[in-house]
Amino acid sequence: MAGRVEGKVALVTGGASGIGRGCAERLAQEGATVVVTDLQDDKGAQVVAAIEGMGGKAWHMHHDVTSEQAWIDVAAAIKAKHGRLDILVNNAGIGISGSVLDMTLSDFQRQTAINLDGVFLGVKHSIPLMRAEPSGGSIINMSSVAGLKGSAILAGYCATKGGVRLFTKSVAMECANAKDGIRVNSVHPGIIETPIWDTIMGTGEPGDNARPPRAQVLDAMTAEGVPLGKKGYPEDIANGVLWLASEESRYVTGAELVIDGGLTVK
Ligand SMILES: NC(=O)c1ccc[n+]([C@@H]2O[C@H](COP(=O)([O-])OP(=O)(O)OC[C@H]3O[C@@H](n4cnc5c(N)ncnc54)[C@H](O)[C@@H]3O)[C@@H](O)[C@H]2O)c1
């Protein structure tokens, strides 16, 4: 049986860890050739090895999503190898927590450069590759529940994720007007167990006495805020991304796919 994204070429940024890794593996399982890009080369290579180990196709490229030249290089490499791009998952991101009064301008700008500028650059340099084929494409931008509602300790992060949400809808309209067959949607994860929480909340590892371990913090947040009563895992987001990447969602653009166990409903 053919996979749900059989023969497609997919790029996943931040694909070496967490949700990006989950997306890369799920897309590869369903037949896509996956380009895994990240700052973390060792982990990126591990993801490629895992995908190849299960019979899938993938390759890794070092990539800083804040650099326009890096995006030009990634797009050129994909064009040279495959001639086109079908799926872009703009996933790379960081989270910096704390009061706005304590946040430095350089941290605010660094977070925005990765979470929002990186998404802009990804869209800008991927659309021409997608237009190389009349079949169009699917762009999936990783926002967050923090792009839908405010958080007292994540103002800068919420600003980037809210920006991703409306940027997505605007590009969706631009592509729809162009009738280029490119659909653009955002995904809004809730509390998902990944290493990003180590930087948002502190790790609780030896030497960090101020915080309990990550799992404990997430369990407490989940008990308080998630109606389904459990935290999510990268595969929960990857399944939604796979659907948006596939033809099953061919009539969906400019939409927000919220995967949060009901957190934003409560
Ligand atoms: N985990 C959650 O609960 C959650 C919830 C909502 C949204 N998100 C979003 O999901 C996305 C993935 O996060 P995650 O939870 O998997 O975190 P993660 O830390 O496990 O993975 C993020 C990846 O992005 C990479 N990255 C960071 N800066 C980069 C840069 N400049 N260029 C290229 N790669 C870079 C990191 O090296 C890392 O591999 C992020 O956009 C995050 O904001 C996560």
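The values are calculated or read from the model by the stated rules, or taken from the named source; none is laboratory data. Just so you know, these numbers come straight off a predicted model, no measurement behind them. Cβ atoms come from the backbone with ideal geometry, glycine included; neighbour counts cover every protein chain shown. What goes into the accessible areas is simple: the full protein's heavy atoms, side chains included, and nothing from ligands, DNA or RNA. Shrake-Rupley method; radii C 1.70, N 1.55, O 1.52, S 1.80 Å.
Could you tell me the calculated FRET efficiency between His82 and Glu247, based on Cβ-Cβ distance and R0 = 22 angstrom, to the nearest 0.05?
0.70
Taking the Cα centre of each part, how many Å lie between the stretch 225-247 and the stretch 252-266?
First find each Cα centre; the distance between them is then 10 Å.
Keeping all protein chains in place and using 1.4 angstrom, which order do Tyr233, Tyr157, Tyr251 fall into by accessible surface area, from largest down?
From most exposed to least exposed: Tyr251, Tyr233, Tyr157.
Quick one: putting +1 on the C-beta of Lys and Arg, -1 on the C-beta of Asp and Glu, what dipole do you get for the stretch 64-122 around its Cα centre, in Debye to the nearest 20?
With Lys and Arg at +1 and Asp and Glu at -1, about 300 debye.
Using +1 on the beta carbon of Lys and Arg, -1 on that of Asp and Glu, and nothing else charged, what's the dipole of the stretch 1-122 about the Cα centre, debye to 20?
Once rounded to the nearest 20, the dipole reads 440 debye.
Could you work out the relative contact order of the stretch 68-152, using alpha carbon pairs under 8 angstrom and six or more residues apart, expressed as a whole percent?
45 percent
For Met201, Met142, give the ranking by accessible area with the largest first, probe 1.4 Å.
Met201, Met142
Taking Rh as the Kirkwood radius computed over C-alpha pairs, what is the Stokes-Einstein D of the stretch 1-77 at 37 °C in a medium of viscosity 0.692 mPa s, expressed in µm² per second?
In µm²/s, the coefficient rounds to 270.
Can you list residues from other chains, or at least 5 along the same chain, whose modelled amide H is less than 5 Å from the amide H of Ile182?
When sequence neighbours closer than 5 places are left aside, the close amide H contacts are Gly137.
How far, in degrees from 0 to 90, does helix 118-130 lean away from the longest principal axis of the Cα atoms of the chain, to the nearest 10?
10 degrees
Once phi is turned into θ = phi - 60°, what whole-Hz ³J(HN,Hα) does the Karplus curve with 6.51, -1.76 and 1.60 give for every residue of the stretch 138-143, x standing for Gly and Pro?
Taking θ as phi minus 60°, the curve returns 9, 10, 10, 9, 7, 9 Hz for the stretch 138-143.
Where the accessible area of the chain is counted over protein heavy atoms with a 1.4 Å probe, how much of it, in %, is carbon and sulfur?
Carbon-and-sulfur percentage of accessible area, whole number: 55.
Given a 1.4 angstrom probe, what's the average accessible area per residue across the chain, in square angstrom?
Per residue, the chain has an accessible area of 46 Å².
Give the distance, in whole Å, between the Cα centre of the stretch 150-191 and the Cα centre of the stretch 1-59.
23 Å
Once you keep just the Cα pairs under 8 angstrom separated by 6 or more residues, what percentage relative contact order results for the chain?
19 percent
Using helices alone, what [θ] at 222 nm do you get for the chain, with -39,500 (n - 2.57) per DSSP H run of 4 or more residues, divided over all residues and rounded to the nearest 500?
-13500 deg cm²/dmol
Computed FRET efficiency, Cβ-Cβ of Thr199 and Ala50, R0 30 Å: what is it to the nearest 0.05?
Taking R0 as 30 Å, the efficiency between Thr199 and Ala50 is 0.80.
Can you give the extra length, in nm with one decimal, that the chain gains between Glu224 and Met173 once fully stretched, where that is 0.36 nm per residue apart less the Cα-Cα distance?
14.6 nm
Quick check of the Kirkwood formula: for the chain, what is the inverse mean of 1/r over all pairs of different Cα atoms, in Å?
Evaluated over the chain, this radius sits at 18.6 Å.
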